[in-house]
1. Can you give me the ranges of the helices (runs of 4 or more DSSP H) entirely in segment 42-113 with at least 2 residues that are at pLDDT 75 or above?
2. What number of residues within segment 32-49 satisfy the criterion of being within 16 Å of the chain's Cα centre (by Cα) and crowded, with 16+ Cβ neighbours inside 10 Å?
3. Specify which of the listed residues (Val9, Val36, Val18) is under 17 Å from Arg80 (Cα atoms) and either in a strand (DSSP E or B) or not small (Gly, Ala, Ser) (or both).
4. For segment 55-94, which positions are over 23 Å from Gly19 (Cβ atoms) and surrounded by 17 or more Cβ atoms within 10 Å (Cβ to Cβ)?
Amino acid sequence: MHGRFEGDVSSTRPDHAVGDSVNFNSTFYDELLSYVAQYADDGPEGPKTVVNIKTFQEFKFNRFNEDQQQDKQLQFHIGRQLTTYTEVAFILELFQDGEFLLLNSKSHSKFSL
């Protein structure tokens, strides 16, 4: 299944060649939250609470750089790149809160834990 939907440079799992590519990695989630604190927009729930595209751009760029260093067998071909963008769009669109239609840090925490 590796490489079809979830693959190298994942938001939630280490690369297949360097770690557990099956189970959710809470360290990656904590790292994503640090990017939310830096790049998120202000929203109805307060400052830096609305997860935006910039948050994921910076997070995924960092994940790519980390994976390049750790995984000598890194597979990030065009199909995987498109899947990476689809993964982010899926998260941003599907996990919006029901009130403001935004992905805020509160609603994001509900699905990621």
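The values are calculated or read from the model by the stated rules, or taken from the named source; none is laboratory data. Just so you know, these numbers come straight off a predicted model, no measurement behind them. Reconstructed Cβ throughout: ideal geometry from the backbone, glycine too, with neighbour counts over all protein chains shown.
1. Numbers: elements: 53-70, 78-94, 105-112.
Output list reads 53-70, 78-94.
2. Here is the first cut: in segment 32-49, the residues within 16 Å of the chain's Cα centre (by Cα) are 32-40, 49.
Still in the running and crowded, with 16+ Cβ neighbours inside 10 Å: 32-33, 35-36, 39-40, 49.
Residues meeting the conditions: 7.
3. Details: Val36 fails: under 17 Å from Arg80 (Cα atoms); Val18 fails: under 17 Å from Arg80 (Cα atoms).
That would be Val9, the only listed residue that is under 17 Å from Arg80 (Cα atoms) and either in a strand (DSSP E or B) or not small (Gly, Ala, Ser) (or both).
4. Passing the criteria: Thr55, Leu92.
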